[in-house]
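Asker: To start, I am sharing the structure in question, which I have written as structure tokens.
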Amino acid sequence: MLPPHLRKFSDLYATYGLGAVKNVWLLTCLIPIARTVNLYKIKDYVGAVLDKPDTQPQSHYKRLIRFFQDWAECQDLLYDLMRHNLRFLRRLGFKTLVMDGTSWTIGEAKVHYLVLSVLAGSVAIPIYWVQLEKIGASNQQERKAMFETAFSLFDLKGMTLLADREYIGKDWFKFLKTNKIYFVIRLRLGDYFEDVNQAYGKSYERMLTKCCQKGKLVKNRFVWRATLYNHHDAQPQNQCR
């Protein structure tokens, strides 16, 4: 009989085989113990996890290398693991999504990971990501394509997305609204100034003034488009009044 930790993945056996599933489980145990994803360093902990202290670490290293050689390009396995990951995380009762990205270069290769996470307590746990192979901010079409794939894997309707001010755009906002994703996204001062003023309800200036109530935010004053504004700054010069 299989141990309990492997029975949780029984639906994957028919497609990927017991050996692949065992190696996935092994890696999920090793990474937090070794506190690295470097396979050469992880190999030293395999014997303790498998209760095989007499096996040489180099043999464990070859096992891990073979696993990635066989499965690293299998997108279906990755998607199935993402679905399982979210299924377990749902027990935490999260309702908030977080999107962020990071980019760097490796030689001439450009790397840009756009990551979607769920907020479990104060920890953001990745559930889906894409490699954009570029340097610089993502565009609206790239973000929409990412979410369309995520929607095919997960039911995210009714959740709230948190994101920084580089993830803006009218088409992007409409896309989120159409797919029943609430969102709280930072804006630069002055973003959508004319759109807000043309819409029904409070003017841009009135909403900005409301945000600058005493004890909540700090400000610097400046003139933009012949209008006086309060600019919020992390280092206050004086309090809003």
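Asker: Please give me the summed charge of the neighbours of Leu39: other residues whose Cβ is under 15 Å from its Cβ, Lys and Arg +1, Asp and Glu -1.
Answerer: Result for the local shell: +4.
Asker: Still on this model: Could you tell me what percent of the DSSP beta bridges with both partners in the chain are antiparallel, to the nearest 5?
Answerer: If we restrict to bridges inside the chain, about 75 percent are antiparallel.
Asker: With both bridge residues required to lie in the range 91-186, what share of the DSSP beta bridges run antiparallel, to the nearest 5%?
Answerer: Antiparallel bridges: around 70 percent, rounded to the nearest 5.
Asker: Another one. Given H placed on each backbone N at 1.01 Å, which residues far from Tyr128 in sequence or on other chains put an amide H within less than 5 Å of it?
Answerer: Those lying under 5 Å, H to H, from Tyr128 are Leu116.
Asker: Pairwise over distinct Cα atoms, reciprocal of the mean inverse distance: report the Kirkwood radius of the chain in Å, one decimal place.
Answerer: The answer is 21.9 Å.
Asker: Determine which lysines satisfy two conditions relative to Lys22: a Cα distance under 20 Å, and not lying fewer than 8 residues away in the same chain.
Answerer: Lys8, Lys41, Lys43, Lys52, Lys62
Asker: Ok, one more. Go through 107-113, 137-143 and give me the packing order, highest mean Cβ count within 10 Å leading.
Answerer: Answer by packing, highest mean first, reads 137-143, 107-113.
Asker: Can I ask one more? Sort largest first and round to whole Å: the equivalent ellipsoid semi-axes of the range 4-73, each the square root of five times a Cα gyration tensor eigenvalue.
Answerer: 20, 14, 11
Asker: Distance between the C-alpha centers of the range 12-51 and the range 135-191? Whole Å please.
Answerer: Taking the Cα centre of each part, the range 12-51 and the range 135-191 sit 34 Å apart.
Asker: Give me the Kirkwood hydrodynamic radius of the range 91-186 in Å, from all C-alpha pairs, to one decimal place?
Answerer: Result for the range 91-186 stands at 13.9 Å.
Asker: Can you compute the helix-only [θ] at 222 nm over the chain? Use -39500 (n - 2.57) per DSSP H run of at least 4 residues, normalise by all residues, nearest 500 deg cm²/dmol.
Answerer: The helix contribution divided over the chain gives -13000 deg cm²/dmol.
Asker: Run the reach check for Lys177 against lysines, Cα to Cα strictly under 26 Å, same-chain hits fewer than 8 apart removed. What comes back?
Answerer: Output for Lys177: Lys95, Lys144, Lys157, Lys202, Lys210.
Any read-out appearing in this document is the output of simple, stated calculations on the displayed coordinates, not a laboratory observation. All of these numbers come straight from a predicted model, not from anything done at the bench. With ideal geometry, Cβ positions are generated from the backbone for all residues, glycine too; neighbour counts draw on all protein chains shown.
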